[in-house]
Amino acid sequence: MIELLIVVAIILIIAAIAIPNLLRARIAANESASVSAIRTVNTAEVTYATAYPTKGYSDTLGALGGAPAACATPAVANACLIDNVLASATAAPGKSGYVFAVTPVATGTINTAYTAGASPLTYNQSGVRNFCSNEDGVIRFNAGAAASAPVTTNGACLAFTVLP
């Protein structure tokens, strides 16, 4: 009986060491996936602006994507440049533990700039950093906080630290 208690105690000690490492690994994976998604949005925005020069950058994240049925003929409202999961990740459940937003900056009728942002759904569980980028293609980050939202302005994104 004592040997069984010792084995259970050893298993509990190993679990106590392993679980925090597993959670940190999950957060790192979610953050990596969100940075990759921001890069994908940057590429899609450049492609969108090239394909629709009278529109410029997209108005919304949804305009960069599109449901599979709508992607038979890409259009301004559904360019089919990103997957529909990312295009609709503007609210929970998001994608990979993050929610995303794209905000255009219009000059007249043409969107000449944009800001793409990502924020963790549940701070300290799905992620601990916010990410953003704009038309310069540089990914930036800052320490997240509980109930933070994706960045929506160019000035706020430029205040973030450049991701090395």
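The values are calculated or read from the model by the stated rules, or taken from the named source; none is laboratory data. Owing to the predicted nature of the structure, the values given are computational and were not obtained by experimental measurement. All Cβ positions, even for glycine, are placed from backbone atoms using ideal geometry, and neighbour counts span all protein chains on display.
Observations
- Test result for ALA101, within 22 Å of ALA156 (Cα to Cα) and hydrophobic (A, V, I, L, M, F, W, C): yes
- Restricting ILE2, ILE13, ILE19 to those that are β-branched (Val, Ile, Thr), over 17 Å from the mean Cα position of the chain (by Cα) and over 30 Å from SER126 (Cβ atoms) reduces the list to ILE2.
- When the residues of segment 50-96 are filtered to those that are charged (D, E, K, R) and touching a residue at least 24 places away in the same chain (Cβ under 8 Å), the one that is surrounded by the most Cβ atoms within 10 Å (Cβ to Cβ) is LYS95.
- Yes/no for GLU45 being in contact with an Asp or Glu (Cβ under 9 Å, 6 or more places away or on another chain) and either assigned to a helix (DSSP H, G or I) or surrounded by 15 or more Cβ atoms within 10 Å (Cβ to Cβ) (or both): yes
- Considering only residues in segment 19-59 that are in contact with a Gly (Cβ under 6 Å, 6 or more places away or on another chain) and not hydrophobic (A, V, I, L, M, F, W, C), the one that is farthest from LYS95 (Cα to Cα) turns out to be ASN42.
The rows are residues; the columns are (1) of a type in the set (Gly, Ala, Ser); (2) modelled with pLDDT of 95 or more; (3) surrounded by 13 or more Cβ atoms within 10 Å (Cβ to Cβ); (4) over 12 Å from the mean Cα position of the chain (by Cα).
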{"site": "THR109", "(1), (2), (3), (4)": "no, no, no, yes"}
{"site": "TYR114", "(1), (2), (3), (4)": "no, yes, yes, yes"}
{"site": "ARG129", "(1), (2), (3), (4)": "no, yes, yes, no"}
{"site": "SER133", "(1), (2), (3), (4)": "yes, yes, yes, no"}
{"site": "ALA146", "(1), (2), (3), (4)": "yes, no, no, yes"}
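- Within segment 137-164, the set of residues being assigned to a helix (DSSP H, G or I) and polar (S, T, N, Q) comprises ASN154 only.
- Residues that are within 14 Å of GLY117 (Cα to Cα) and not polar (S, T, N, Q), drawn from segment 63-103: LEU86, ALA87, ALA89, ALA91, GLY94, LYS95, GLY97, TYR98, VAL99, PHE100, ALA101, VAL102
- Any hit, segment 33-41, residues being in contact with a Leu (Cβ under 8 Å, 6 or more places away or on another chain), at pLDDT 95 or above and farther than 24 Å from PRO164 by Cβ: no
- Some residue of segment 55-75 being more than 22 Å from ALA25 (Cα to Cα), at pLDDT below 95, part of a loop (DSSP other than H, G, I, E, B) and under 15 Å from the mean Cα position of the chain (by Cα): yes
- Residue list for segment 95-132, restricted to those being assigned to a strand (DSSP E or B) and among the polar types (S, T, N, Q): THR103, THR107, ASN111, THR112, THR115, SER119, ASN130
- Test: residue in segment 130-140 that is in contact with an Asp or Glu (Cβ under 6 Å, 6 or more places away or on another chain) and under 19 Å from ALA63 (Cα atoms): no
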